[in-house]
Amino acid sequence: MIRINLLPHREQKRLARQRRFVSVLVFSVIAAAGIVTLGYLFLAAKLEAQNQRNEFLRAENLKLDQQIAEIEKLKADKQAMLEKKTIVERLQSNRTEAVRLMDELTKKTPEGIYLKDVKQADAKLVMVGLTQSNARVSGFMQNLTESPLFEQPTLVEVKASTGASANLSEFTLEVSLSRPDPANASSPAKGIGGRK
């Protein structure tokens, strides 16, 4: 007897192929979704790490900016202290200057010259006086030139005096003071506050 298979085998094969296709498709979609998710998580982690690095660098930059501001403030304070130190050293070196000037003027003023007014403006000395003759003024200027405290005496004017001293001439004389450079001179301010 001949056996004939009347079952729909082609349809079963087609259904089996469709099931395999759907299962492969579902597996592919799941695998693709997993790969995309893993890629997204990896990139998100990298981005988060980079953001943390950026935040760290930003915080460190702020700290450095604060330190730079402190350094600039310290530099300004140092400069102010150096300026004050220079002023104190100059005052220390010039504290006896008035006494030395008067002493030297007394020594260098020849007989027959009478100083009425002596004014000091920084390193310039202006003297107004009376003289018996112009030769005595010239001698006075020569004496000032030879002095280590004075330099470049300049005669501003000589005029006849009026009043009780009619036989005297009034003169005005400018002279520069010779001051040592505080940077080159040895500082006499070492004794300040350090005396025993």
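The values are calculated or read from the model by the stated rules, or taken from the named source; none is laboratory data. Bear in mind that the values here come from a model prediction, so they are computed numbers and not experimental data. Cβ atoms come from the backbone with ideal geometry, glycine included; neighbour counts cover every protein chain shown.
Could you say whether any residue in the stretch 75-89 is under 30 Å from F140 (Cα atoms), of a type in the set (S, T, Y) and surrounded by 12 or more Cβ atoms within 10 Å (Cβ to Cβ)?
No - not one qualifying residue is present in the stretch 75-89.
Restricting to the stretch 106-122, count the residues that are surrounded by fewer than 13 Cβ atoms within 10 Å (Cβ to Cβ) and of a type in the set (A, V, I, L, M, F, W, C).
Matching residues across the stretch 106-122 total 1.
Under 8 Å between Cβ atoms, at least 6 apart or on separate chains: pull out the pairs that start in the stretch 104-122 with a residue that is assigned by TED's automatic domain parsing to the domain that holds N167 and end on any residue that is surrounded by fewer than 10 Cβ atoms within 10 Å (Cβ to Cβ).
K108/E146
When you go through K78, K84, K116, K108 one by one, which is the residue that is touching a Gly at 6+ places or on another chain (Cβ under 6 Å) and of a type outside the set (V, I, T)?
It is K116.
Yes or no: the stretch 122-145 includes at least one residue that is modelled with pLDDT under 80, in contact with a Leu (Cβ under 9 Å, 6 or more places away or on another chain) and under 14 Å from V175 (Cβ atoms).
Yes, because at least one residue in the stretch 122-145 is modelled with pLDDT under 80, in contact with a Leu (Cβ under 9 Å, 6 or more places away or on another chain) and under 14 Å from V175 (Cβ atoms).
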